[in-house]
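Asks: I'd like to ask some things about the structure below.
The values are calculated or read from the model by the stated rules, or taken from the named source; none is laboratory data. A quick note: this is a predicted structure, and the numbers were derived from the prediction, not measured. Every residue, glycine as well, gets a Cβ built from its backbone with ideal geometry; the counts of neighbours run over all protein chains shown. The accessibility values were calculated without ligands, DNA or RNA, using every heavy atom of the protein model including side chains. Shrake-Rupley method; radii C 1.70, N 1.55, O 1.52, S 1.80 Å.
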Amino acid sequence: MGYFDSDALEMLEIYLLETKQLLEQLSAVLISAESKNSFTEEELHSVFRVMHTIKSSSAMMGLPEMSAMAHKLEDLFAYYREEYGRIESAPPELFDLLFMAEDYIESETQAMSGDAYNPQSADEIVKLTEEYLVNLSDKDKETEEEQTIDTTPEEQAAGNPIVPDVFANKEGLVVRVLFETGCRMENIRAFMIMRQITGLCTEVESYPDNLEKSQEGAEYIGKNGVFFRIVGGEKEKLLESIRQGLFVSACEVISEGLKPKEQEPKQPQVQMKSSGNGDSDFLQVRVERLNQLQNLAAELMISTLSLDAALEEKGLMEIREGVFHQINRLIAEVENTVMSMRMVPVSRMVPRLQRILRDICRNQNKEVELVVSCGDIEADKSVVDYVSEALIHILRNAVDHGIEAPEEREEKGKSRKGKIWFQAENSSGELSISVKDDGQGINIETIRRRAREKGLFYKPEEEYDEQELLEMILAPGFTTNEKVTEYSGRGVGLDVVKSVLEDAGGHLYINSVVGEGSTFTITVPLSLATMECTRFLVADYRFSVPARYVFGFFEFDKERNNIREQNGRTYMVYENRMIPLVDLRRFYGLEGETPKNAIIIYVRCVGKEGCILVDSMYTQKRIVVKQLPSLFGLNFRSNTGISGLSVMGSGKICAAIDVEGLLYRYEREGTYGRSRN
């Protein structure tokens, strides 16, 4: 049996979701405050609110260690709010303490879902907080510990409340509970309080009633509070329990027994309709459910392709162009809606990257500024998660290998503080993210020496150009560091980036200038669900390329005079420049001859362009492209130029071409059929 009892287990999902959101708020505030070494009044209040909420919700979940730690930090920021109002010059120890608390909360919440969860001690953080508060109090000649109750001016100005009609002539204590402004889900919070005090009395009744089911009642509670009629139990113990409730700002007794009311006005009724633009317009949905909905939409799309092929084969064109067309359109709308629901801001990665940058800079005594430019660009949540993992390793690599120590930078005539630029763009349906530093760059000769030592050359060393050598750093176990540190030296990092991006159907480009710095650029699709693809046939095999890469078509027979052979490669003259022409039949060693009516497809992607020679074309469609299974091996994509598979309406398999990988391999290897050993 797990740590939580059945009641707490029911609330665990809500608790974890809310705590995660609070941690994101806390991290953003701390990074901002540390960058300017001060806390504004609003930032102090934000930290206080976060700790106040975590304290109360953790106590309700039966997590005394977490609650006690948050309580101490709440006391600390209550003192700062009351005595200072803002912190003009925040000491480093304060940030260290808060980041330690953030790490503890994150570690605990990640472990809570497991059956073997057992709370870890927070005594060290509690002790450090107490010592910090005592020292702060001594410094200000204050010995009294301050603890505030968060109330609003509106609540303080509220008049004497009236006992609701439903409680008239009934025995028991009547209590009104007010929540903090903007806390949201007031009806659920009231329901939690009601459950909390049920075991402390013999009877409890609420107004409004049916709290857990009455979403409409949240608006009434937000304005007027929730009323409880309590029979039995110890009054002070009950009131104390209520005051400890989540987001409770005030708790007042308005009646202590049977007292007839005089000239009591009618209690306002709860309006059972949505405001139209309030928080009730938003719903929090588990990602697993969105994933399931996306998979179902993809299966529907695959089924429509099969149905379309069957209708065409049987000549049922009236149905195909009528009812089926409508169904197909509706399924496409469902798929687009699901995709839009999964889109999240790319900027959500930034606080995590800033925190990692802070930690590694402190560990290595370096000074680095992160300059962010990503606007309001959005991508699928799974894409953002993939990219986030890759960026962590790239950022660590930039600081550890790229940015010099402050003294060394000054000797080179650079500013003492290094810079890393994080830029995100939406380019033709792709997410492009670059991480650029102004460090020392990558030494090609060091890479060459290391590659020679590890036996990574598979062709004569002199045939490698600079780009090929730069990509050696993506090999597993490759490192240029002479000694192992916390962040590097084991050759684990950029090879993870390569693996992650291959899973996401993305690419990594490296540019570097010795003495000036390096730029790592990531490109990935905005969504991994479905994509618009151009499909074609070569021999008896079917292929597809993303439509966003296709920029033109040519008749092979008419372009023969523009085709050239040079150094074992085939090129086509296009707009007065030579671009590679890949004959897929020869590239994959397929049988047969290229027909006279063959088609040349002109494709262009980030930094590359080329042409693909195919036998014939299918119609362009939005299809579901599945990633290659792991049994194909890690290098299958780079060795073949195939990144995934899809199912056509006929049930035939269609190979998805990785355009960049195909052109890259063709340009490097020079001749058809040459492969790496």
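Asks: From the residues in the range 163-215 that are among the aromatic types (Phe, Trp, Tyr) and either assigned to a helix (DSSP H, G or I) or open to solvent by 80 Å² or more (accessible area, probe 1.4 Å) (or both), which one is farthest from residue 253 (Cα to Cα)?
Replies: Selected residue: 191.
Asks: Can you confirm whether residue 594 is among the hydroxyl-bearing types (Ser, Thr, Tyr), part of a loop (DSSP other than H, G, I, E, B) and within 21 Å of residue 548 (Cα to Cα)?
Replies: no
Asks: Follow-up question, since we're still on this one. Inside the range 287-359, counting only helices (runs of 4 or more DSSP H) that do not spill past its ends, which hold 2 or more residues that are β-branched (Val, Ile, Thr) and under 30 Å from residue 425 (Cα atoms)?
Replies: 323-341
Asks: Now for a different question. Condition check: within 18 Å of residue 100 (Cα to Cα) and in contact with a helix residue (DSSP H, G or I) (Cβ under 9 Å, 6 or more places away or on another chain). Does residue 14 satisfy that?
Replies: no
Asks: Further, regarding this structure: Output the number of the condition that residue 301 fails; it satisfies all remaining conditions of (1) modelled with pLDDT of 85 or more; (2) surrounded by 13 or more Cβ atoms within 10 Å (Cβ to Cβ); (3) closer than 24 Å to residue 653 by Cα.
Replies: Condition not satisfied by residue 301: (1).
Asks: Filter the range 48-85 for residues that are within 18 Å of residue 131 (Cα to Cα) and part of a loop (DSSP other than H, G, I, E, B) and give the result.
Replies: Answer for the range 48-85, where residues must be within 18 Å of residue 131 (Cα to Cα) and part of a loop (DSSP other than H, G, I, E, B): there is none.
Asks: To continue, here is another question. Could you list all residues from the range 442-453 that are surrounded by 14 or more Cβ atoms within 10 Å (Cβ to Cβ) and either assigned to a helix (DSSP H, G or I) or aromatic (Phe, Trp, Tyr) (or both)?
Replies: Result: 444, 447, 448, 450, 451.
Asks: Let me ask something else about it. If I ask for residues that are surrounded by fewer than 17 Cβ atoms within 10 Å (Cβ to Cβ) and without any contact (Cβ under 8 Å) to a residue 60 or more places away in the chain, which ones from the range 509-544 would you list?
Replies: Residue satisfying the conditions is 540 alone.
Asks: Determine which single condition residue 362 fails, assuming it passes every other condition in (1) modelled with pLDDT of 90 or more; (2) closer than 28 Å to residue 25 by Cβ; (3) over 21 Å from the mean Cα position of the chain (by Cα).
Replies: Unmet condition: (1).
Asks: Among 93, 83, which is the only one that is of a type outside the set (A, V, I, L, M), modelled with pLDDT under 90 and surrounded by fewer than 16 Cβ atoms within 10 Å (Cβ to Cβ)?
Replies: After ruling out the rest, the residue left standing is 83.
Asks: Looking at (1) part of a loop (DSSP other than H, G, I, E, B); (2) more than 34 Å from the chain's Cα centre (by Cα); (3) in contact (Cβ under 8 Å) with a residue 24 or more places away in the chain, which is the only condition residue 439 fails?
Replies: That leaves (2) as the condition not met.
Asks: Does any residue in the range 185-212 that is without any contact (Cβ under 8 Å) to a residue 12 or more places away in the chain come within less than 9 Å, Cβ to Cβ, of a residue that is open to solvent by less than 40 Å² (accessible area, probe 1.4 Å) and polar (S, T, N, Q) six or more places away or on a different chain, and which pairs are these?
Replies: 210/187
Asks: Hey, among the residues in the range 18-43 that are open to solvent by 20 Å² or more (accessible area, probe 1.4 Å) and part of a loop (DSSP other than H, G, I, E, B), which one's farthest from residue 58 (Cα to Cα)?
Replies: Here the residue is 37.
Asks: Exactly one of these conditions fails for residue 382: (1) in a helix (DSSP H, G or I); (2) surrounded by fewer than 17 Cβ atoms within 10 Å (Cβ to Cβ); (3) polar (S, T, N, Q); (4) within 23 Å of the chain's Cα centre (by Cα). Give me its number.
Replies: That leaves (2) as the condition not met.
Asks: Have a look at 312, 333 and point out the one that is open to solvent by 70 Å² or more (accessible area, probe 1.4 Å) and touching a Gly at 6+ places or on another chain (Cβ under 9 Å).
Replies: Of 312, 333, the one residue that is open to solvent by 70 Å² or more (accessible area, probe 1.4 Å) and touching a Gly at 6+ places or on another chain (Cβ under 9 Å) is 312.
Asks: Going through 514, 497 one at a time, which residue ends up being aliphatic (A, V, I, L, M), at pLDDT below 90 and on the phi < 0 side of the Ramachandran plot?
Replies: Sole residue among the options that is aliphatic (A, V, I, L, M), at pLDDT below 90 and on the phi < 0 side of the Ramachandran plot: 497.
Asks: Only one residue in 412, 366 is open to solvent by 70 Å² or more (accessible area, probe 1.4 Å) and touching a residue at least 24 places away in the same chain (Cβ under 8 Å), so which one is that?
Replies: Only one candidate passes the filter, namely 412.
Asks: Taking the range 521-560, which residues are part of a loop (DSSP other than H, G, I, E, B) and of a type in the set (D, E, K, R)?
Replies: The answer is 540, and nothing else.
Asks: Read through the list (1) surrounded by fewer than 16 Cβ atoms within 10 Å (Cβ to Cβ); (2) among the charged types (D, E, K, R); (3) touching a residue at least 60 places away in the same chain (Cβ under 8 Å), then give the number of the only condition that residue 565 fails.
Replies: Among (1) surrounded by fewer than 16 Cβ atoms within 10 Å (Cβ to Cβ); (2) among the charged types (D, E, K, R); (3) touching a residue at least 60 places away in the same chain (Cβ under 8 Å), the lone unmet condition for residue 565 is (3).
Asks: Go through the range 66-80 and give me each residue that's open to solvent by 10 Å² or more (accessible area, probe 1.4 Å) and within 19 Å of residue 13 (Cα to Cα).
Replies: 67, the sole residue that qualifies.
Asks: Another question, then. Could you grab me the full set of residues in the range 575-589 that are outside any helix (DSSP H, G or I) and open to solvent by 40 Å² or more (accessible area, probe 1.4 Å)?
Replies: Passing the criteria: 575, 576, 577, 578, 588, 589.
Asks: When residue 604 is evaluated against the numbered criteria (1) open to solvent by less than 30 Å² (accessible area, probe 1.4 Å); (2) in a strand (DSSP E or B), which criterion, by number, is the only one it fails?
Replies: Every listed condition holds for residue 604 apart from (1).
Asks: Search the range 632-646 for residues that are under 14 Å from residue 498 (Cβ atoms) and pair each with any residue that is among the acidic types (Asp, Glu) and open to solvent by less than 40 Å² (accessible area, probe 1.4 Å) when their beta-carbon atoms are under 9 Å apart and the residues are at least 6 apart or on different chains.
Replies: 637/658; 638/658; 643/658
Asks: Kindly provide the set of residues from the range 86-145 that are over 26 Å from the mean Cα position of the chain (by Cα), part of a helix (DSSP H, G or I) and either closer than 25 Å to residue 5 by Cα or aromatic (Phe, Trp, Tyr) (or both), ordered by number.
Replies: 123, 132
Asks: For the range 564-615, enumerate the residues that are within 43 Å of the chain's Cα centre (by Cα) and among the small types (Gly, Ala, Ser).
Replies: Those that are within 43 Å of the chain's Cα centre (by Cα) and among the small types (Gly, Ala, Ser): 589, 607, 610.
Asks: Here is a follow-up. Among the candidates 100, 1, which residue alone is open to solvent by 20 Å² or more (accessible area, probe 1.4 Å), at pLDDT below 90 and of a type in the set (A, V, I, L, M, F, W, C)?
Replies: 1
Asks: Only one residue in 124, 108 is loosely packed, with under 13 Cβ neighbours inside 10 Å and modelled with pLDDT of 90 or more, so which one is that?
Replies: Being loosely packed, with under 13 Cβ neighbours inside 10 Å and modelled with pLDDT of 90 or more holds for just one of 124, 108, which is 124.
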